[in-house]
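No value in this document is a laboratory result; all are computed from the given coordinates. Computed from a predicted model, the values in this text were never measured in an experiment. With ideal geometry, Cβ positions are generated from the backbone for all residues, glycine too; neighbour counts draw on all protein chains shown.
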């Protein structure tokens with residue numbers, strides 16, 4: 001019987017060109033790679049990487065850097081605790097560290113960006 005290897009293949013990231021970016025420098029565009037990942041699959045290897053998150057108040061994706069990942073299997077709210085640093089915004093809002101706690105099946109978008 002043939003095995004179904006489709007579930008075992010890592011998802012290929014989506015790559016696109018962003019026409020405008022939020023930047024503290026002269027950059028106005030970027031090449032962006034986005035790959036989906038379940039919270040349960042986050043590990044210490046993801047510390048230092050970025051999560052993309054759309055902020056409707058800003059009207060743009062605002063990256064959050066992963067600072068710490070902790071899996072919580074006991075208690076009333078099992079899931080994954082992630083400490084992130086949300087990037088500063090053009091309106092002067094400084095970057096800020098936030099604790100997030102999400103269910104194991106919560107889906108994040110890991111992003112990599114090369115600004116130009």
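Report the label-to-label distance for residue 73 and residue 33 in nanometres (one decimal), using points 7 Å from each Cα along the Cα→Cβ vector.
Inter-label distance under the simple model: 3.2 nm.
Extending each Cα 7 Å along its Cβ direction at residue 105 and residue 15, get the distance between those two points in nm, one decimal.
With each label placed 7 Å out from Cα toward Cβ, I get 3.2 nm.
What would the Debye equation give as log₁₀ I(q)/I(0) for the stretch 74-116 at q = 0.29 Å⁻¹, counting only Cα atoms as equal point scatterers?
-1.08
Using only the alpha-carbon atoms of the stretch 14-115 as identical scatterers, what base-10 log of I(q)/I(0) does the Debye formula give at q = 0.15, 0.19, 0.21, 0.25 Å⁻¹?
With one equal scatterer per Cα and no solvent, log10 I(q)/I(0) is -0.64, -0.97, -1.13, -1.42.
Below 8 Å between Cα atoms, with a sequence gap of 6+, how large is the relative contact order for the stretch 14-115 in percent?
32
Under 17 Å from a point placed 7 Å out from the Cα of residue 91 along the Cα-to-Cβ direction: which residues of the stretch 50-67 have their backbone N that close?
Under 17 Å, as judged by backbone N against the label point of residue 91, lie 53-63 of the stretch 50-67.
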